[in-house]
1. Being part of a loop (DSSP other than H, G, I, E, B) and either surrounded by 11 or more Cβ atoms within 10 Å (Cβ to Cβ) or modelled with pLDDT of 80 or more (or both) narrows it down to one of 93, 57, so name that one.
2. Yes or no: the range 71-85 includes at least one residue that is in a loop (DSSP other than H, G, I, E, B), modelled with pLDDT of 80 or more and surrounded by 10 or more Cβ atoms within 10 Å (Cβ to Cβ).
3. Could you list all residues from the range 35-54 that are surrounded by 11 or more Cβ atoms within 10 Å (Cβ to Cβ) and modelled with pLDDT of 65 or more?
């Protein structure tokens, strides 16, 4: 990710980043996030769970499209405050 960010900023070392304008850094960040989300930075890149074949059998999109999820779970809530994710699974009373 760092190497991709350097490249997207037109830099080859951290000193170059430190001397870059805010606009250059914002653009490099957006490009890097786009590459990461698309998987362009490798098969395990992206903002999603990485399937391991056991605990996470497939990508969430594939599991949802195949109907492979727990139907009794009605809500999944997550927060990314301070770069942490604290998922909460809620079941409504019947």
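1. Of 93, 57, the one residue that is part of a loop (DSSP other than H, G, I, E, B) and either surrounded by 11 or more Cβ atoms within 10 Å (Cβ to Cβ) or modelled with pLDDT of 80 or more (or both) is 57.
2. yes
3. 35, 36, 37, 39, 40, 41, 42, 48, 49, 51, listed by residue number.
The values are calculated or read from the model by the stated rules, or taken from the named source; none is laboratory data. Remember, it's a predicted structure, so these values are computed and weren't measured experimentally. As a convention, Cβ positions derive from the backbone with ideal geometry for all residues, glycine included, and neighbour counts pool all protein chains shown.
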